Amino acid sequence: MTQTIPTKPVVSWGPLGAAVAVDHLEKQLGSNKVLRGISFQAHSGEIFGLLGPNGAGKTTTLRLICTLLAPDAGAVEVLGFDTRTAAQEVRRRVGVVTAEIGVYPRLTARENITYFAELTGLLDGQLSKNVDAVIDRLDMGSFATQRAESLSSGQKQKVAIARAIVHDPPVLMFDEPTSNLDVLASREVREFMIESRARGKCVIFSTHVLHDAERLCDRITIIHEGRVVASGATTDVRGKFLDLEDSFLSLVDAP
Amino acid sequence: MSSAGIVFRKEIREILRDRRTLIAIGLAALATPIVLFVISQVSTKTASATYTAGYSGSLPAGLDVLFNATGLKLVPVDDPATAAKHQVDIGLVFTGSRVDEYYDPTRQSAQLADVRFQTVLSKYDGAKIAASLQQHGVDPSVLDPLPVSVHPLSSPTVAAGNSFLSFFLPYILITMCLTGGLSAALDTSAGERERKTLESLLLTPAPRNQILVGKIVAVTVISLAAALAAIASMLIALTQIRFGGAGGAFPVQLSADAGVVMVWLAILLAASFSSVTVALGTLARNFRQGQAYATPLYFITIFPASIVLFIPDFNPNLAYYLIPILNAVLVLRDAIVHGAVNWGALSVTSISLVVTGALSFYAALKLFTREALLVRS
């Protein structure tokens, strides 16, 4: 369904003009209390790192931001839109790249991207323009007409990125995007994040690879057992420690 | 284009590129003619086959002619009872005043030979009695005090054809409406989760009910195509294949009314089954698990489809037409056999199937919109 994106948000933008504002977020999945009052803000033109060990609640947080899950308590605003009351508006403004590179194997790379562009509500002229642009930007021309089943992992990851950004969303979220990729493909993803920051996007980067976070992120929040244990500029969080890993280990009380 | 239309177009494109679904539809179109061809070959062979009757003793005069004319070959043996176990189809011991017959009922050839032998005996007895009556100056017609002349109001062969169709056509329609789109249904539901595309799909602004509608309509179209392909090929095959003893091609007369009823029921059944199978696929983590969930559906659908075979004269009251699947079988049977539509029964059946489809869609939507859909994956 094609809908016009309102020029003004239905509510005021988050505190301090944050692109994404997460406020005392709580979420229980089954008997597991995954999030216990998470708060942070991510801004346009920065790469914001969401760090934590496996099971800390990073993916759940991202799913709450992009409206796939609903919060039990607390609130999330994306560009001023409340995720509980304006879910569709939020989804129009968010692009998500996950660790699991799921593509439709019997569609070509271009068809995969076009499908998601159509579902985002892009109209015919804009649609083909955006699809062409994203194929060009990610250097996918050589395999755009190949079926996805015949693509390499790196090429599939490009398709996954392309479909997430084809509608040119102001907020991009990357959930462990390099965990299944080789060195070259990982580097391309990192470069893409840096480029997106330069284009004024709000990039949220969820990872447990601290080396990547230290290199890329302007600010970070470290989550452990559903709570924020540290938050701030990357250099501030690293503090007196040699690197982010030492800082992280001290924060989560690891031996 | 609406989100449902976008999803529908994409699903159809993917399904048509899926070898499993294409093979399923191809087999649906080929399976029935092949089965009918095999049946025709077996029936022709059975009708024209000669069976052996091992005998001992003195054969009554003239009986050998009747044996030959009925397709029974007489073979002299020492011990007919022993020979009837394997060597011949039936064993006969002729004594002066009687005949002892030996046959093994577990052998089909022995059963058929026995039927032919009874025919031979009936003709022989009739001829002997008539000759004896004539010898004593009595008119043999005294044995037939109330002669009957039969005047069928419709062609018995057409009636036999319709009777055959009234079982076979609903059976194929229902099983193909289910199985024709099953692979596509699981691919479009459980397959999304297995391929890890579900989360990306749900991240789009497209409303989930529209996504689901697009998927279900695509599966419905495939189910319908498979069912109609199977039925069309069956009807064509029935006009071409000759069955032994029928004396020609099988007479197929599907009235226009019955054809319209068949297509209407096929649409309702395909839509209902598609909703159910997509719902089951949504529950499953992968394609294989989806198949396991869908297996009981075969039994649920085949049982009502078979009821016409086991109870051919089953004429229930209108309340029975509320039972999904069974109602479709009964309406279609009546339309084929009588060449007319029972509008009351068709209305109740349509309402029942629409409600079933709506409930199935509601269940699928509830499953498709719950958070556990993502968390489980």
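Bear in mind that the values in this text are calculations on the coordinates, not laboratory data. All figures in this text were calculated on a predicted structure; none of them were measured in a lab. Because the Cβ atoms are built from the backbone with ideal geometry, glycine has one as well, and the counts that use them run over all protein chains shown.
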How much FRET efficiency would the formula 1/(1 + (r/R0)^6) give for A:LEU184 and B:LYS366, where r is the Cβ-Cβ distance and R0 is 41 Å, rounded to 0.05? 0.40
Divide the volume of the convex hull of the Cα atoms of the protein assembly as shown by its number of residues and quote the answer in cubic angstrom per residue. 230
By how many degrees, between 0 and 90 and to the nearest 10, does the Cα long axis of helix B:156-179 differ from the longest principal axis of chain B? 30
Which log10 I(q)/I(0) values, to two decimals, does the range B:276-377 give at q = 0.12, 0.16 Å⁻¹ under the Debye formula with one point per Cα? -0.53, -0.78
Of the chymotrypsin sites (Phe, Trp or Tyr not before Pro) in the range B:265-352, those whose Cβ has at most 15 other Cβ within 10 Å and which sit in DSSP loop: B:PHE314
Restricting to bridges with both residues inside the protein assembly as shown, how much of the DSSP beta-bridge set is antiparallel, in percent to the nearest 5? 50
At a Förster radius of 51 Å, what calculated FRET efficiency corresponds to the Cβ-Cβ distance of B:ASP64 and B:ILE34, to the nearest 0.05? 0.80
Can you figure out the FRET efficiency of A:ARG199 with B:LEU16, using R₀ = 35 Å and their beta-carbon distance, to the nearest 0.05? 0.35
If each residue of separation counts as 0.36 nm, what is the full-extension length gain between B:TYR320 and B:ASN209 once their alpha-carbon separation is subtracted? 36.7 nm
Under 21 Å from the Cα of A:LYS201 - lysines, other chains or at least 8 residues apart: A:LYS8, A:LYS58, A:LYS129, A:LYS158
Mind pulling the per residue volume of the convex hull built on the Cα atoms of chain B? Å³ is fine. 183
Starting from the exponent 0.38 and prefactor 2.2 Å, build the expected Rg for the range A:28-163 from its residue count and divide its actual Cα Rg by it. 1.20
Average beta-carbon neighbours from other chains, 10 Å sphere, peptide B:8-17: 3
Helix B:256-283 axis, angle to chain B major axis (alpha carbon atoms, nearest 10°): 50
Calculate how steeply helix B:19-48 sits against the longest principal axis of the alpha-carbon atoms of chain B, using the helix alpha-carbon long axis, and give the answer as 0 to 90 degrees to the nearest 10. 10
Residue by residue through A:105-116, how many Cβ atoms from other chains fall within 10 Å of the Cβ on average? 4
Looking only at other chains, what is the average number of their beta-carbon atoms within 10 angstrom of each beta-carbon in B:71-78? 0
